[in-house]
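Shown next, in structure tokens, is the structure this report addresses.
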Amino acid sequence: MINAIPLEYYLGLASIIFLIGTVGVLVRRNAIIVFMSIELMLNSVNLTFVGFSTYLGDTAGQVFVFFVMAVAAAEAAIGLAIVLALFRNKQTIYVDEVNVLKW
Amino acid sequence: MDLLNLVFYLFAIITVVSAIIVVTHRNIMYAAFALLFTLFGVAGLYAMLNADFIAVAQIMIYIGGILVLLIFGVMLTSNITGVDLKTGSMSKLQRWIMTVISLLIAIGLAIMYSTTDWVRKDIPEVNSTVDTIGNLLLTDYLIAFEVASVLLLIAIIGAALIARHKTR
């Protein structure tokens, strides 16, 4: 394929998505929305990996994307289990209302 | 503007707009469905980058697995009385710190992006990445592959253990 879309377009798009995810993690207080924002950030990093992997002709980048996906799946499962346990004990999923360790 | 550019911009706009909706919408359910469109957009971009295996894995793992799990989480935790509307009520200091951190990251990325001299390079011709990825996974990255599978097993057991009802 003859260089239809340059690599920097993909990288710029990935950095925009990463920034949106960062803002979500910092601003939102709902734990599930924070999870979704973390997924956004992981996706943007994956997009960067795949972009470089394709343009450099090295498939190892896509193997790493596969591992990132595995870790994201594990993180989502554990994170949601923690959120469920939190909701059962404290009836809230807002991260700033969880202040048991603070006095 | 040819068709390829048009498709790229379509996917890019879908991805960015729905990512903004994920972060800003007040209803968690709408945010979850916006995340669906973001993940589809990213999968389309993978397909445009000739990464067919990763595109399919994205749809199967993220949309079929993680997103469903997130929606389960939303349904199991939000109150039945209605939509959560609580945002805001952060202190002034917190707001300022968050704005400064976000701006710093944005400025850093913009500087990095604009000062790099980009090299235009042709994409090497590939037919399908599935063969190569399979070979790499079972030769060079075999230990990482096994560790990832053990990690997933531990995650399953741990999640079941944490989320289970205490019946004692």
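Just so you know, all these numbers are worked out from the coordinates, no wet-lab data involved. What you are looking at is a predicted structure, and each value in this text was computed from that prediction instead of being measured. Cβ coordinates were reconstructed from backbone atoms using ideal geometry, including for glycine residues, and neighbour counts include every protein chain displayed.
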Requested in this report: Hey, can you tell me all the residues within region A:27-52 that are facing chain B (nearest Cβ under 7 Å) and part of a helix (DSSP H, G or I)?
Outcome: A:Val27, A:Ile32, A:Ile33, A:Phe35, A:Met36, A:Ser37, A:Glu39, A:Leu40, A:Asn43, A:Leu47, A:Val50, A:Gly51
Query raised in the report: Could you say which residue among B:Ala19, B:Ala12 is surrounded by fewer than 23 Cβ atoms within 10 Å (Cβ to Cβ) and without any contact (Cβ under 8 Å) to a residue 40 or more places away in the chain?
Result: B:Ala12
Requested in this report: Please tell me if A:Val65 is within 18 Å of B:Ile28 (Cα to Cα), of a type in the set (A, V, I, L, M, F, W, C) and at the interface with another protein chain (Cβ under 7 Å from one of its Cβ atoms).
Outcome: no
**Report entry** Single condition B:Ser128 does not satisfy, out of (1) touching a residue at least 24 places away in the same chain (Cβ under 8 Å); (2) at the interface with another protein chain (Cβ under 9 Å from one of its Cβ atoms)
**Finding:** (2)
**Report entry** Pairs, first facing chain A (nearest Cβ under 10 Å) in region B:51-77, second acidic (Asp, Glu), C-beta under 7 Å, six or more apart
**Finding:** B:Ile66/A:Glu39
Query raised in the report: Of all residues in region B:93-124 being over 19 Å from A:Thr22 (Cα atoms) and in a helix (DSSP H, G or I), which is nearest to the other protein chains (Cβ to nearest Cβ)?
Result: B:Ser114
